[in-house]
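Presented below is the structure to which this report refers.
No value in this document is a laboratory result; all are computed from the given coordinates. Keep in mind that this is a model prediction, so the values were computed, not measured. All Cβ positions, even for glycine, are placed from backbone atoms using ideal geometry, and neighbour counts span all protein chains on display.
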Amino acid sequence: MADTATSAKPGHIVYMSLEAAREGQASFAHIHEIVAGLVRRGWTVDLYLPSFSDRWRRPPLILRLLEYLMVFWRVMRAYEDGQIVYVRGHVLSLPISYWARIRGAPVVQEINGPYDDVAIAYEWAKPFARLIAWMSGTQFRLADHLITVTPQLADWIRGQGMTTPIDVVPNGANTDLFHPDATCDLALPDRYVVFFGGLARWQGIPTLLAAKATADWPEGIDLVIVGDGPERAAVEAAAEADPGIRYVGRQPYKTLPGIVANSLCGLVPKNNRGDRTGTGLYPLKVFETLACGVPAVVSDFPGQADLVRDNDAGLAVPAEDPGALARAVARIAADPAAAEAMGARGRDAIVNAHSWDIRAGQTAAILDRVATATARR
């Protein structure tokens, strides 16, 4: 793990992401929290995002591709010698990697998942799996430094024969925003558990809804679901059929802490699409849940389960097992004192070791090393 010390010689970063960082999504928090932390340490950060990042409806593919070209052009036109190009991993960022090599610009690549993630998210991408792997792997080789969000992902990359230096900087939480006393203005049930994030199958939405329908789900405990995505129709149908399911749609980033802090626990029932057991998981929602002083119930995958177990801050259950998920909810609901103790331990763990400010410090230390190595060259 990189040194967490504050950067001694702040420089200038060109930060590029082709992923639209929309408020309420994990990418929004990750990008803006790291940028804010670097700026606090004296770094100058120029952030380049697609113009549709502030719109929830994605434009057609051809318009997105044109927008990506515009982002490339803006980065290349604005770049000056001595700056570091920081790229949030995206398969279509390859042109910037080639341009940076020709330009002599140092590149740091942040990697949030394996090649297969693209095919998991987009069915149409499956026939292009080899091309996607080549484009992504080429970016990894051309980079000066790689940052992954789990140790297992770093090991996976090394297993691909990559010799590029790698550091692990997991997700984190804004501990000033996500805290046990957070409130919100939404009308919520008296006793509930919460799921928040993208409504996709790999997030475990089918397991979540099936758990609520089992006989093991505790009576009087509602399920609040926050977010949007492909599984929205299934969530809305379940909420219409079961008054114990409350779907509140997308919510602003600053509203989430109050929803989470007043819940009995946060649910992270991800499944194993994309070999999550091989590359690990450190979802943003786990850190934010624990930061609110609330236990987390997670699928038993490396990363998230380790975080919960190591700090005795929740429960890990088998993936895609609705009964096990429902019984975990029942266990937490039946013992408020134990749940409160779990939440307190989770909060302490995030504040002491997993805040976004700590992650920004780790990132700054990596950038220092890259800048020093570049200067020597």
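Exposure proxy for W356, W217: other Cβ atoms within 10 Å of each Cβ, ordered fewest to most, give W217, W356. Couplings 3J(HN,Hα) of the range 59-66, computed from phi: x, x, 3, 4, 6, 5, 4, 5 Hz, in residue order, whole Hz [Karplus 6.51 cos²θ - 1.76 cosθ + 1.60, θ = phi - 60°; x for Gly and Pro]. In terms of the Cα gyration tensor, with a ≥ b ≥ c the square roots of its eigenvalues, is the range 40-106 rounded because a/c is under 1.5, prolate because a/b exceeds b/c, or oblate? Oblate shape, in that a/c is at least 1.5 and b/c is the bigger or equal ratio.
Computed from point charges on the beta carbon alone (+1 for Lys and Arg, -1 for Asp and Glu), the dipole magnitude for the chain about its Cα centre is near 1340 Debye. Each residue in S299, S355, S27 was given a count of other beta-carbon atoms within 10 angstrom of its own, and listing them fewest first yields S27, S355, S299. Roughly how tilted is helix 94-103, in degrees to the nearest 10 and between 0 and 90, from the longest Cα axis of the chain? So the inclination is approximately 30 degrees.
Residues in the range 210-225 carry Karplus couplings, in order, of 5, 4, 5, 8, 7, 6, 7, 5, x, 5, x, 10, 8, 10, 9, 10 Hz; the curve used is 6.51 cos²θ - 1.76 cosθ + 1.60 with θ = phi - 60°, and Gly or Pro positions show x. Can you tell me how the chain classifies by the Cα gyration tensor, rounded, prolate or oblate, using a/c under 1.5 as the rounded cut? Taking the square roots of the gyration eigenvalues as a ≥ b ≥ c, the chain is prolate. What list of ³J(HN,Hα) values in whole Hz, one per residue of the range 157-165 in order, does the Karplus curve 6.51 cos²θ - 1.76 cosθ + 1.60 (θ = phi - 60°) give from phi, with Gly and Pro shown as x? Residue by residue, the range 157-165 yields 5, 4, x, 7, x, 6, 10, 4, x Hz.
Each Cα pair under 8 Å and six or more residues apart adds its sequence gap; the mean of these over the residue count of the chain is a relative contact order of 21 percent. Would the range 318-377 count as rounded, prolate or oblate if I go by the C-alpha gyration tensor, calling it rounded below 1.5 in a/c and otherwise prolate when a/b exceeds b/c, oblate otherwise? The shape class here is oblate.
Per-residue Cβ neighbour counts within 10 Å put R58, R250 in the sequence R58, R250, beginning with the fewest.
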